Each structure stands twice: as structure tokens, then as C-alpha cells.
Amino acid sequence: MAELKQLYQEVILDHNRSPRNFREISDTPHHAEGHNPLCGDNLKVWVELDGDVIADASFIGNGCAISKASASLMTQAVKGKRVSEAKELFASFQKLVTGQVSPQESKEVLGKLILFAGVSEFPVRVKCASLSWHTLNAALEDASEAVTTE
């Protein structure tokens, strides 16, 4: 477990300093905004669909390291997945960060995302880790209102 915590810290710091897919996709109608008033996280998520497959995903915004790293890893994880698969991934991620399943139970489904298992020990941080996922879901559903964690 100590190795997982150290890896978690390293990955979070890396994705916070150098977030992947940190850009706007200007030619897609599928986007949404998300806010976490408690932590001050604000982000926008874009999704480019090719039929029912997520061809590209990106985000911009600011916030804590957990929020930014989660968005970065999320955009990598959903590319190439069907919308239904991305929603299943979100459900599995949510169960992990809320402590409903163990990393061992989720490893096959979540891959690198199991690094967020430690977030369940800090309930306030669950909202930081899941904001980008809720925002992705809103973008996939073409929601017109901003997502908030409150």
C-alpha cells in the first residue's frame, strides 16, 4: 500500500505540472463547465465524438492538483471508448474514490485510475477527483447548465 501511495503522489504531481490534453477543442458542440466551490476548482471539458466513440477529449481550467490530475488522466482514459464505456468507467471511478470498492477490485477496469483510491480517505477530496468526470458526463449529455459539486 505504501508503494501505491508514493506512486499516487508522483502521478498526481506529474499530471498537475504537465496536464495531458490541456486545450480547447473548438469545433465540437459537446462541452460543459464544472465548478467545485469548496476547493475553487473550475474547468471546462470538451468531447469530440465519432458516432458513439470518443475520438478526442480535453479540458482547461484551474484548481487543486487532484482535480487537474484527475481531469488529465480522465481525458486519456476515455479516448477511443464508446460513450457507454466512458459512463461505466465513471461509475467505477466514483465507486473507487468513495471507498465502495477496493483498488484490487477495480484494477482491471480502471487501470492507472486506481491511483485515486487514496482519495476515499479524504471525503472533501472526492469532489476534487470526481468534478471532471461529472463535467465529462454533462458534456456527453449536452447539458446546458454548469456542473457543481455542491
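If only one of 32, 71, 65, 57 is touching a residue at least 60 places away in the same chain (Cβ under 8 Å) and closer than 18 Å to residue 8 by Cα, which one is it? So that I can check it myself, show each step before the final result.
Numbers: 32 fails: closer than 18 Å to residue 8 by Cα; 65 fails: touching a residue at least 60 places away in the same chain (Cβ under 8 Å); 57 fails: closer than 18 Å to residue 8 by Cα.
Within the list 32, 71, 65, 57, the selection yields 71.
Screening residue 17 with (1) within 19 Å of residue 137 (Cα to Cα); (2) surrounded by fewer than 17 Cβ atoms within 10 Å (Cβ to Cβ); (3) not aromatic (Phe, Trp, Tyr) gives one miss only, at (1). The single residue among 150, 48 that is touching a Pro at 6+ places or on another chain (Cβ under 8 Å) and not in a helix (DSSP H, G or I) turns out to be 150. If the condition is being more than 12 Å from the chain's Cα centre (by Cα), crowded, with 19+ Cβ neighbours inside 10 Å and of a type in the set (A, V, I, L, M, F, W, C), then segment 47-72 contributes 47, 54. How many of the residues in segment 105-135 are more than 19 Å from residue 37 (Cβ to Cβ) and among the aliphatic types (A, V, I, L, M)? Qualifying residue count for the region: 6.
For the residues 145, 85, 150, the requirement of being in contact (Cβ under 8 Å) with a residue 60 or more places away in the chain and among the acidic types (Asp, Glu) singles out 150.
Against the test of being surrounded by fewer than 17 Cβ atoms within 10 Å (Cβ to Cβ), β-branched (Val, Ile, Thr), in contact with a Pro (Cβ under 9 Å, 6 or more places away or on another chain) and at pLDDT 95 or above, the options 75, 98 yield a single qualifying residue, 98. Can you find even one residue in segment 21-33 that is touching a Gly at 6+ places or on another chain (Cβ under 8 Å), surrounded by fewer than 22 Cβ atoms within 10 Å (Cβ to Cβ) and not hydrophobic (A, V, I, L, M, F, W, C)? Among the residues of segment 21-33, not one is touching a Gly at 6+ places or on another chain (Cβ under 8 Å), surrounded by fewer than 22 Cβ atoms within 10 Å (Cβ to Cβ) and not hydrophobic (A, V, I, L, M, F, W, C), which makes the answer no.
Is it the case that residue 91 is surrounded by fewer than 23 Cβ atoms within 10 Å (Cβ to Cβ), assigned to a loop (DSSP other than H, G, I, E, B) and not polar (S, T, N, Q)?
Numbers: surrounded by fewer than 23 Cβ atoms within 10 Å (Cβ to Cβ): yes; assigned to a loop (DSSP other than H, G, I, E, B): no; not polar (S, T, N, Q): yes.
Spelling it out, it is not the case that residue 91 is surrounded by fewer than 23 Cβ atoms within 10 Å (Cβ to Cβ), assigned to a loop (DSSP other than H, G, I, E, B) and not polar (S, T, N, Q).
The values are calculated or read from the model by the stated rules, or taken from the named source; none is laboratory data. Just so you know, these numbers come straight off a predicted model, no measurement behind them. Backbone-built Cβ (ideal geometry, glycine too); neighbour counts: all protein chains shown.
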